[in-house]
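Trainee: This is the structure I want to talk about, given as structure tokens.
Read-outs: derived from the displayed coordinates by stated rules, not from any lab. Not measured: the values here are computed from a predicted model. Methodologically, a virtual Cβ is constructed for each residue, glycine included, from the backbone with ideal geometry; neighbour enumeration extends over all protein chains shown.
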Amino acid sequence: MVEIKEVELKKENSIFGQISEYNHEKVVFCHDHDTGLKAIIGIHNTVLGPALGGTRMWTYASDAEALNDVLRLSRGMTYKAAISGLNLGGGKAVIIGDAKKDKSEALMRRYGRFVKNLNGAYITAEDVGTTTKDMEYIKMETDHVAGLPESMGGSGDPSPVTAYGTYMGMKAAAKKAYGSDSLEGKKISVQGVGHVGGYLVELLAKENAQIFITDIYEDRLREISNKYGAKVVGMDEIYDLDVDIYSPCALGATINDNTLSRLKCQIIAGSANNQLREEEVHGPALVEKGIIYAPDFLINAGGLINVYSELIGYNRESAYAQTERIYGYTLDIFDLAEKEGIHNQLAAMKMAEKRINSISKIKSRY
Ligand code: NAD
């Protein structure tokens with residue numbers, strides 16, 4: 001008896017240990033036997049507004065891995081919204097399962113009902129493994145869903161806006177490194193030419209940059225290469241290229257112990273989330289190497305800005321105008337980092353926290 005209690009206590013401690021480490025407000029575990037739904041919704045912080053973030057569907061190796069992912073991603077959304085000046089909190093959700101095999105209308109609608117039960121504290125959207133069709137199913141059960149197709153009055157594909165913000169952040173980093181934000185003639189490697197990477201290459205080509213691209217999909221590489229004159233390189237070769245700018249637009253954690261010693265660029269600016277494998281290790285390591293890092297959650301916020309504008313009355317031009325401000329915000333972060341002698345990612349986190357703390361104070365009184 002005693003033994004069982006101890007085991008249960010340890011398990012509970014480890015879940016709450018993780019939740020309190022990231023300082024989440026609420027984590028909801030959703031289960032439905034009939035549809036096979038297993039989901040976790042993480043609401044990190046709602047000081048600035050309702051927690052908005054996509055729902056990811058993924059085959060996690062364990063429940064602990066799923067929990068860890070949702071906690072990290074939802075915290076990232078808090079920072080992204082705060083630093084972008086949006087009145088949104090940070091949240092994210094994961095559905096555990098294979099997006100190709102385990103999805104059904106009933107599962108998505110059951111999940112939608114869990115979102116509905118949160119009464120607007122969490123607003124969901126698309127993410128890896130979920131589609132606009134899934135959002136349509138969720139919408140049948142709750143209004144707390146954003147990023148709907150344009151045909152349903154939504155803001156549609158956020159990727160062009162995300163690419164534009166990433167481009168703005170990259171130009172700000174160029175200004176810092178070279179004294180001019182022109183990317184003409186600069187050698188730029190783009191890792192992943194999917195939705196965001198493809199639009200980014202288009203913007204870079206317009207500025208006559210020398211572009212190098214890599215991806216898993218050969219057809220997509222050929223298409224982008226033919227359209228914009230980008231040179232195709234190998235998936236691993238990208239880390240050894242002698243380029244000015246490296247732009248991770250595929251996966252997270254590509255800046256790590258293995259890749260750091262190989263990178264020869266002066267700037268890293270890309271759209272991928274969580275690019276630094278360990279913020280407190282690889283953030284300072286980049287400073288030591290003299291590489292200017294444009295914080296990921298700041299420069300990839302265009303998509304969130306676009307979705308946010310759907311909630312307040314969608315207007316594409318104003319979404320782009322607000323995304324353009326990423327240029328100035330990125331320069332502010334570089335200044336703060338220099339002034340405080342800290343790495344850029346930490347400076348961006350501090351800036352976001354400062355806004356959350358100051359707004360939380362004004363909310364405490366009428
Ligand atoms: P996507 O799936 O359309 O594109 C990613 C591309 O990367 C795919 O073409 C894929 O084949 C490729 N890829 C995967 N692993 C790779 C590897 N090891 N090497 C090279 N290429 C690889 O995704 P997306 O919507 O373009 O998003 C790209 C990144 O930006 C993701 O990390 C995403 O989380 C982040 N992001 C996207 C948005 C958005 O608006 N779509 C917003 C914020 C952040």
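Trainee: Which residue, G17, G147, G303, has the most motion in a Gaussian network model of the chain that connects Cα atoms within less than 10 Å?
Mentor: Evaluated over the chain, the most mobile residue of the options is G17.
Trainee: GNM on the chain, C-alpha springs below 10 Å: top fluctuator among N208, N300, N117?
Mentor: N117
Trainee: According to the Cα gyration tensor, what semi-axes, each the square root of 5 times an eigenvalue, does the equivalent ellipsoid of region 281-321 have, listed from largest to smallest in whole Å?
Mentor: For region 281-321, the semi-axes come out at 33, 9, 4 Å.
Trainee: At q = 0.14, 0.17, 0.31, 0.33 Å⁻¹, work out log10 I(q)/I(0) for region 20-67 with the Debye formula, treating every Cα as an identical point scatterer and leaving solvent out; two decimals please.
Mentor: Debye curve over Cα of region 20-67, log10 I(q)/I(0) at q = 0.14, 0.17, 0.31, 0.33 Å⁻¹: -0.42, -0.61, -1.29, -1.32.
Trainee: Right, something else. Would you compute, from DSSP H runs of 4+ residues alone, the mean residue ellipticity of the chain at 222 nm, taking -39500 (n - 2.57) per run and dividing by the full residue count, rounded to the nearest 500?
Mentor: -15500 deg cm²/dmol
Trainee: Can you work out the PRE-style zone for T131? Point 7 Å along Cα to Cβ, and I want the residues of region 39-73 with backbone N under 18 Å.
Mentor: The answer is 55-59, whose backbone nitrogens lie closer than 18 Å to the label point.
Trainee: Based on other C-beta atoms within 10 Å, arrange C265, C30, C249 from fewest to most.
Mentor: Fewest-to-most Cβ neighbours within 10 Å comes out as C30, C265, C249.
Trainee: Which distance in nm do the two modelled labels at E207 and D332 give, with both placed 7 Å along the Cα-to-Cβ direction?
Mentor: Once both label points are built, they end up 2.1 nm from each other.
Trainee: Right, something else. Below 26 Å, Cα to Cα, which lysines can K231 reach? Residues fewer than 8 away in the same chain don't count.
Mentor: Qualifying lysines at Cα under 26 Å: K171, K175, K186, K187, K206, K264.
Trainee: Would you mind checking which residues have amide H under 5 Å from K187's amide H? H placed 1.01 Å from N; only 5 or more apart, or other chain.
Mentor: Distant-sequence amide H within range of K187: Q210, D244, I245.
Trainee: On to the next question. log₁₀ I(q)/I(0) of region 67-115 at q = 0.24, 0.32 Å⁻¹, via Debye over equal Cα point scatterers, no solvent, to two decimals?
Mentor: With one equal scatterer per Cα and no solvent, log10 I(q)/I(0) is -0.89, -1.07.
Trainee: Let me ask something additional. Divide, for region 228-362, the radius of gyration over alpha carbons by 2.2 N^0.38 Å, where N is the residue count.
Mentor: 1.16
Trainee: Between A99 and I359, 0.36 nm times their residue separation minus their Cα-Cα distance comes to what?
Mentor: That pair, A99 and I359, stretches by 89.8 nm at full extension.
Trainee: Using a cut-off of 21 Å between alpha-carbon atoms, which lysines can reach K101, once sequence neighbours fewer than 8 places away in the same chain are excluded?
Mentor: Cross-link targets: K38, K133.
Trainee: Need one number: nm distance between label points at S318 and F29, each 7 Å from Cα along Cα→Cβ, rounded to one decimal.
Mentor: 4.2
Trainee: Then there's this: How much length is gained if the chain between S180 and N68 is pulled fully straight, taking 0.36 nm per residue apart and subtracting their Cα-Cα distance, in nm to one decimal?
Mentor: That pair, S180 and N68, stretches by 36.3 nm at full extension.
Trainee: Cut-off 18 Å, label point 7 angstrom out along Cα-to-Cβ of M235: give me the residues of region 59-75 whose amide nitrogen falls inside.
Mentor: Once the point is set 7 Å along Cα→Cβ of M235, 59 turn out to lie under 18 Å by backbone N, inside region 59-75.
Trainee: Pop out the ³J(HN,Hα) list for region 230-240 in order, Karplus 6.51 cos²θ - 1.76 cosθ + 1.60 with θ = phi - 60°, rounded to Hz; leave Gly and Pro as x.
Mentor: Karplus-based 3J(HN,Hα) across region 230-240 equals 7, 8, 7, 10, x, 5, 8, 4, 4, 6, 9 Hz.
Trainee: To make sure I understand, if each residue's beta carbon is the centre and we count other beta carbons within 10 Å, what order do T35, T166, T142 fall in, fewest to most?
Mentor: Fewest to most other Cβ atoms nearby, the residues stand as T35, T142, T166.
Trainee: Which value, in Å³ per residue, describes the convex hull spanned by the Cα atoms of region 216-262?
Mentor: Per-residue hull volume (Cα only) is 88 Å³.
Trainee: Now a separate question. In Å, the Kirkwood hydrodynamic radius of region 214-301 over pairs of distinct alpha carbons?
Mentor: 13.7
Trainee: Something else: Relative contact order, percent, of region 45-117 when contacts are C-alpha pairs under 8 Å separated by at least 6 residues?
Mentor: 41
Trainee: Can you grab the distance from the C-alpha centre of region 16-89 to the C-alpha centre of region 322-366, Å, no decimals?
Mentor: What the calculation gives is 22 Å, centre to centre.
Trainee: For the chain, what is the convex hull volume of the alpha-carbon atoms per residue, in Å³?
Mentor: Convex hull volume per residue, Cα atoms: 167 Å³.
Trainee: Ok, one more. Between Y366 and A61, what is 0.36 nm times their sequence separation minus the Cα-Cα distance? Round to one decimal in nm.
Mentor: Roughly 105.0 nm would be gained on extension.
Trainee: Can you sort L204, L260 by how many other beta carbons sit within 10 Å, fewest first?
Mentor: The most exposed by this proxy come first: L260, L204.
Trainee: Taking Rh as the Kirkwood radius computed over C-alpha pairs, what is the Stokes-Einstein D of region 89-151 at 25 °C in a medium of viscosity 0.890 mPa s, expressed in µm² per second?
Mentor: 208
Trainee: Still on this structure: Could you grab the relative contact order for the chain? Cα pairs under 8 Å, six or more apart, rounded to a whole percent.
Mentor: With pairs under 8 Å counted, the relative contact order is 15 percent.
Trainee: Another one. Could you check the simple spin-label distance between K339 and N87, using points 7 Å along Cα→Cβ, in nm with one decimal?
Mentor: 2.7
Trainee: Tell me the relative contact order for region 1-160 as a rounded percent, counting alpha carbon contacts under 8 Å between residues six or more apart.
Mentor: Answer for region 1-160 is 22 percent.
Trainee: Taking amide hydrogens as modeled 1.01 Å from N in the peptide plane, which residues meet the under 5 Å criterion relative to V232, leaving out close sequence neighbours?
Mentor: For V232, whose amide H was placed from the backbone, the distant partners under 5 Å are I213.
Trainee: Kindly provide log₁₀ I(q)/I(0) values, in the same order as q = 0.11, 0.13, 0.21 Å⁻¹, from the Debye equation applied to equal alpha-carbon scatterers of region 65-175.
Mentor: Results for region 65-175 at q = 0.11, 0.13, 0.21 Å⁻¹ read -0.41, -0.57, -1.33.
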